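Everything on this sheet refers to the single structure shown next.
The values are calculated or read from the model by the stated rules, or taken from the named source; none is laboratory data. Just so we're clear, the structure is a prediction, and the values are computed from it rather than from any experiment. Counting neighbours? That spans all protein chains shown, and the Cβs are built from the backbone with ideal geometry, glycine included. Calculation scope for accessible area: heavy atoms of the full protein, side chains included, ligands and nucleic acids excluded. Shrake-Rupley method; radii C 1.70, N 1.55, O 1.52, S 1.80 Å.
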Amino acid sequence: MVAPAALHDERLTAPRSWWLIAAGIGVACALMLFPFGPLPLLCGLVGGGALAAVCVSSYGSVRVRVVADSLIAGDARIPVSALGEAEALDAAQARAWRTYKADTRAHMVLRGYVPTAVRVEVTDPQDPTPYVYLSTRHPQRLVEALASARESAVPQDSSGRSCD
């Protein structure tokens, strides 16, 4: 079985500066072990740097995808039929929605190093989540992908009209 093509697929990778910080942590670990000799120094450099790199990589590996009839945001998989309108947020609006406008019940896939976002209303009456906040570098593309997925998920009769 072939997997359906993604309408939107984005990995929220960590910025390059974080990788420099990971390398700096490796150097710091090496310096802590310097008094014990060259072998512990090398182990500290490799081990500390590798551990920091794994942490940066795992934090930056979250994906936001729209596939077939679902929005996949991190570990959450939400059918587009349970979603309402999507709103692209610029940097100022995104900052507002992740600070003083935020609702504690909202599902947030938040990465502070990504300045823009999309806010999607949740219309499922069984779900107490009011909206989904998604950090994204391409908010307009994500909004368009959600609209396209919602249109293709609407059941149609034989004449091509929606059955709503």
Helical contribution to [θ] at 222 nm, DSSP H n ≥ 4, -39,500 (n - 2.57), averaged over the chain, rounded to 500:
-12000 deg cm²/dmol
Given [x] 2, 9, 16, 21, 22, 16, 9, 4, 1, 0; [y] 2, 8, 14, 16, 15, 15, 12, 9, 5, 3, 1, 1, 0, 0; [z] 2, 8, 14, 15, 14, 11, 9, 8, 6, 5, 3, 2, 1, 1, 0, 0 as candidate values of P(r) over Cα pairs in 5 Å bins from 0, in percent, which corresponds to the one derived from the coordinates?
[z]
Which of Arg137, Arg65, Arg77 is most accessible, then next, and so on - probe 1.4 Å
Arg77, Arg137, Arg65
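Net charge within 13 Å of Ala94 by Cβ-Cβ distance, Lys/Arg positive one each and Asp/Glu negative one each, not counting Ala94 itself?
After counting each charged neighbour, the total is +4.
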For the chain: relative contact order, % (alpha-carbon pairs under 8 angstrom, 6 or more apart)
22 percent
Net charge within 14 Å of Ala14 by Cβ-Cβ distance, Lys/Arg positive one each and Asp/Glu negative one each, not counting Ala14 itself?
+4
Rounded to the nearest whole Å², what accessible area per residue is found for the chain with the 1.4 Å probe?
60 Å²
With axes computed from alpha carbons, what is the tilt in degrees of helix 38-59 against the longest principal axis of the chain, rounded to the nearest 10 within 0 to 90?
10 degrees
